[in-house]
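Undergrad: Below you'll find the structure I mean.
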Amino acid sequence: LKKRQKEHLTALNKLTHILKCSLSDIGIAGIKDLQAETYQFCTFRNMKVRRLENANQQLQKYGMELGNFYRVNWVLNNGDLDGNEFRLIIRGLKRVKVRLNGETTEESLTECEESHIVQMADRVKRTGFINFFGEQRVGSAGTSELVGVRAFDIGRAMLQGDFSKAIESMMSGRNSDDSRESDAAKKVRQTWQDTSGDPAATLKAFHGADNILSRERMVLKGLNRYGKDHPLEAIRCLSHSVRTFWINAYQSYI
């Protein structure tokens, strides 16, 4: 599966819709980034190659494509991943310049020469680096007032059995000043706040947009179906891998 600028769950939902299959028919080994062009192996249960090839005409409209088909007698599961390969594009790179000023030092940003990049890359090859969990898993550093809700906040509420709080955190999202979300996504979140968490009214705020807040939309549909008194049932509308991601985020934070 090749996808470009497409969030993981949104891509899977689009696949199930176009292929007219269930989520359990699609096997994957791991989650791929949104801000990238990614490729990953998938398995499709009981599907003919022609059916997958014909789906490309619709999938390509959404920045997705299937290819390199061959038959296997097994299915992929989350965690079957041996590793990833990355090609990175780095733009506007600066480096820190340190200047001694008496007994103090002053730091400033300056242009980053190619020789400096080569030197730093060689240092990483020789000595490695401290493998911290980063923003992708834990979220931006800072207080909740500064950055809003982070992934591990949702996971912590789930572990505490407070599923209403988990949903409220999910719907609150990141601080709007620090968020890359579209105006349409921010409007959905604002509707949730303005209606005191009315799932039906919040779903209407999507106005047919199927490329934003895919996790939130599935939980809202669950709340609409089961009622706000059954938040766990609403969260269970999400796949197991998505639910455990938030718990894994809290483990990473600890």
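Each reported figure results from applying straightforward, stated rules to the coordinates on display, with no laboratory input. In this text, all values refer to a predicted model and were calculated from it rather than measured experimentally. Ideal geometry is used to build each Cβ from the backbone, glycine not excepted, and the neighbour counts take in all protein chains shown.
Undergrad: So for the stretch 1-117, if I pair up every lysine 8 or more residues apart or on another chain, how many of those pairs have alpha-carbons under 20 Å apart?
TA: Eligible lysine pairs with Cα atoms under 20 Å apart amount to 19.
Undergrad: Quote the relative contact order of the stretch 1-123 in percent (integer), defining contacts as alpha-carbon pairs under 8 Å separated by 6+ residues.
TA: Computed over the stretch 1-123, the figure is 24 percent.
Undergrad: Then there's this: Counting pairs of alpha carbon atoms under 8 Å apart in space and at least six apart in sequence, what relative contact order in percent does the chain give?
TA: Across the chain, relative contact order equals 15 percent.
Undergrad: Obtain the radius of gyration and the Kirkwood radius of the stretch 143-241 from its C-alpha atoms and give Rg over Rh.
TA: Taking Rg over the Kirkwood Rh, I get 0.94.
Undergrad: What residue among Gly142, Val124, Leu109 has its Cα farthest toward the positive end of the dipole of the stretch 97-152, where the charges are +1 on Lys, Arg and -1 on Asp, Glu, each on the Cβ?
TA: Farthest towards the positive pole: Val124.
Undergrad: Next question. Percent of alpha carbon pairs in the chain separated by more than 21 Å?
TA: 68 percent
Undergrad: Something else: Amide H to amide H under 5 Å from Arg174: which residues, 5+ apart in sequence or cross-chain, H placed 1.01 Å off N in plane?
TA: Those qualifying (amide H under 5 Å, at least 5 residues apart or on another chain) are Val149.
Undergrad: Helix 163-172 against the longest principal axis of the chain: what's the angle in degrees, Cα atoms only, rounded to the nearest 10?
TA: Rounded to the nearest ten degrees, it is 60.
Undergrad: Pulled fully out, how much extra length does the chain show between Leu146 and Ala209, if you take 0.36 nm times their separation in residues and subtract their Cα-Cα distance?
TA: Computed gain between Leu146 and Ala209 is 19.8 nm.
Undergrad: When the gyration tensor of the stretch 196-254 is built from Cα positions, what are the square roots of 5 times its three eigenvalues, in whole Å, from largest to smallest?
TA: Value: 23, 14, 10 Å, ordered largest first.
Undergrad: Take the alpha-carbon positions of the stretch 21-140, form their convex hull, and give its projected area averaged over all directions (one quarter of the hull surface) in nm².
TA: So the Cα hull casts an average projection of 12.5 nm².
Undergrad: Using a 10 Å cut-off on Cβ atoms, rank the peptides 215-227, 12-24 from the highest mean neighbour count down.
TA: By packing density, highest mean first, the sequence is 215-227, 12-24.
Undergrad: Within a Cβ distance under 9 Å of Ala11, other residues only, what is the Lys/Arg minus Asp/Glu net charge?
TA: Here the count lands on +3.
Undergrad: How much length, in nm to one decimal, is gained on full extension between Gln57 and Leu23, taken as 0.36 nm per residue of separation minus their Cα-Cα distance?
TA: So the chain would gain 10.2 nm between Gln57 and Leu23.
Undergrad: Shifting gears a bit: Could you work out the helix-only [θ] at 222 nm for the chain, with each DSSP H run of four or more residues adding -39,500 (n - 2.57) and the total divided by the number of residues, to the nearest 500 deg cm²/dmol?
TA: Roughly -13000 deg cm²/dmol at 222 nm, from the helical runs in the chain.
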